[in-house]
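Down below is the structure, laid out as structure tokens.
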Amino acid sequence: MILAEGQKILKLDVDIIERVKLINFVDLMDVEKINVLRWRNHEAIRQWMYHSELISLDEHLSFIASLRQWEDKQYFMVRAQGHDLGVIDFVNIDFQQGSCDFGLYANPEIKIPHIGRQLISAAIAYAFKVLKLHALYLEVFGDNTRAIKLYQQFNFSVLEHKKLDGKAILRLSLHHSKGLI
């Protein structure tokens with residue numbers, strides 16, 4: 001599938017789900033749990049989170065344990081070609097409505113070209129091919145122009161503008177259509 005944004009054209013790699021490994025947080029080894037916590041607590045990641053305070057190891061492990069009881073939340077570490085690329089998550093999964101909110105963050109300790117594209121492609125493919133959803137939603141800080149530009153390259157559109165603690169937030173959406181995946 002080809003998506004166009006102005007003069008730029010991105011190919012959504014629908015087979016990415018075959019080439020990446022999504023490791024559910026509840027199945028992570030201890031060292032992987034610690035790695036994910038370190039990434040999440042990294043300043044480059046925290047600055048774009050609603051809750052930007054440092055997370056303790058106990059809080060992190062309790063959160064991961066709590067995921068076993070939630071049917072509407074799924075968190076994954078994404079691995080490809082021997083590299084841990086980052087995290088994708090799906091919350092407020094509503095199979096009746098066919099939608100969910102999702103988020104992602106790249107592993108800040110590695111520099112791989114187009115890592116964000118790989119994470120977004122994996123999230124879209126998982127949501128539409130595996131979960132069989134019809135709509136993805138996300139929220140992003142208005143000053144995170146790099147992320148907004150990347151989402152728009154995948155045809156996410158702005159649904160709403162809002163404020164949180166004085167900060168501009170954009171709510172974006174992507175709707176599955178025939179031929180998308």
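The values are calculated or read from the model by the stated rules, or taken from the named source; none is laboratory data. It should be emphasised that the depicted structure is a prediction, and the values quoted were computed from it without experimental measurement. Each accessible area value is taken on the protein alone, full model and side chains, heavy atoms only, with ligands, DNA and RNA left out. Shrake-Rupley method; radii C 1.70, N 1.55, O 1.52, S 1.80 Å.
Here are some notes:
- Length gained on full extension, residue 71 to residue 19: 16.2 nm, using 0.36 nm per residue less the C-alpha separation.
- Using θ = phi - 60° in the Karplus curve 6.51 cos²θ - 1.76 cosθ + 1.60, the 3J(HN,Hα) couplings for segment 102-111 round to 9, x, 7, 8, 7, 5, x, 8, 10, 10 Hz; x is entered for Gly and Pro.
- Within the accessible area of the chain (1.4 Å probe), percent carbon and sulfur: 51 percent
- Shape analysis of segment 20-91 based on the Cα gyration tensor places the equivalent ellipsoid semi-axes at 17, 16, 12 Å, largest first.
- Descending Cα extents along the principal axes, segment 98-172, whole Å: 36, 34, 19
- Working note: 222 nm ellipticity from helices only, DSSP H runs with n ≥ 4, each -39,500 (n - 2.57), summed and divided by the residues of the chain, gives -7500 deg cm²/dmol to the nearest 500.
- Taken per residue, the accessible surface of the chain reaches 56 Å², heavy atoms only and a 1.4 Å probe.
- Pairs exceeding 20 Å between alpha-carbon atoms, taken from 73/149; 21/129; 21/132; 111/167: 73/149; 111/167.
- The chain - convex hull of the alpha-carbon atoms, volume per residue in Å³: 127 Å³
- Distance from the alpha carbon centroid of segment 80-94 to that of segment 103-181 works out to 12 angstrom.
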